[in-house]
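Working notes, structure below.
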Amino acid sequence: MDATLFLGQLGMALAVGMAAVGSSLGAGVAGMSAAGSWAKDARAGKPLRFIYIICVAAPITQTLYGFLVMLPMAGKLAVAGTSGGMLLGIGIATGLGEMLSAWMQGAIGAAGCRMLSDSDGKGFAFVLIALGIAETVGIFTMVFMWILLRSISG
């Protein structure tokens, strides 16, 4: 197998794979906190809140962003002379940006679940804003990598 092809394929896999790892870690940490918050609410005789699900689900989008960067990478891979090293770099940058954005979004979601449980659901808008800020990092990563991919001729 050609080294350029291999590096490009590796970059594609890392873009999605690392993003998925971050989404899993983020959803996992937020999910554990949500479960604890549901248990606390149930013990107190309060209804179980759906808003915790939003905190748990928020990190999932970064896997989609990694996939959306991977798609044009596949097109660039087919172009003769495309630098596999450049595609590998884009894949690593995408994977890291999405992974860390998702992971930290999960940490924010976990803290948000605890806060919402302790505050009887007050302050949800602030939790959404904090989740949105972490989400923006993932969106920026996706957009910047699309721009970088456009610089590859072909």
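Return a whole-number percent for the relative contact order of the chain, with Cα pairs under 8 Å and 6 or more residues apart as the contact set. Spell out each step's value before the answer.
On the way: 258 pairs, mean separation 57.6, N = 154.
Value for the chain: 37 percent.
Going through the DSSP H helices of the chain, which span 15 Å or more along their own axis at the Cα atoms while scoring at least 1.0 as a mean Kyte-Doolittle hydropathy? Don't jump to the answer; show the numbers that get you there.
Values: long enough: 3-43 (59 Å, 0.89); 61-77 (24 Å, 0.90); 84-118 (50 Å, 0.85); 124-150 (39 Å, 2.04).
Passing helices, by number: 124-150.
As an exercise, use a Förster radius of 35 Å and the Cβ-Cβ distance of Phe140 and Phe6 to find the FRET efficiency, rounded to the nearest 0.05.
Values: r = 29 Å, r/R0 = 0.82.
Between Phe140 and Phe6 the formula returns 0.75.
Please report the spacing between the Cα centers of region 1-76 and region 100-148 in Å, no decimals.
Between the Cα centres of region 1-76 and region 100-148 lies a distance of 12 Å.
Only helical DSSP H runs with n ≥ 4 go in: add -39500 (n - 2.57) per run for the chain, normalise by residue count and round the 222 nm mean residue ellipticity to 500 deg cm²/dmol.
Roughly -29500 deg cm²/dmol at 222 nm, from the helical runs in the chain.
Here, each number is a calculation from the coordinates, and none is a lab measurement. Just so we're clear, the structure is a prediction, and the values are computed from it rather than from any experiment. Heads up, the Cβs are rebuilt from the backbone with ideal geometry, glycines too, and the neighbour counts pull from every protein chain shown.
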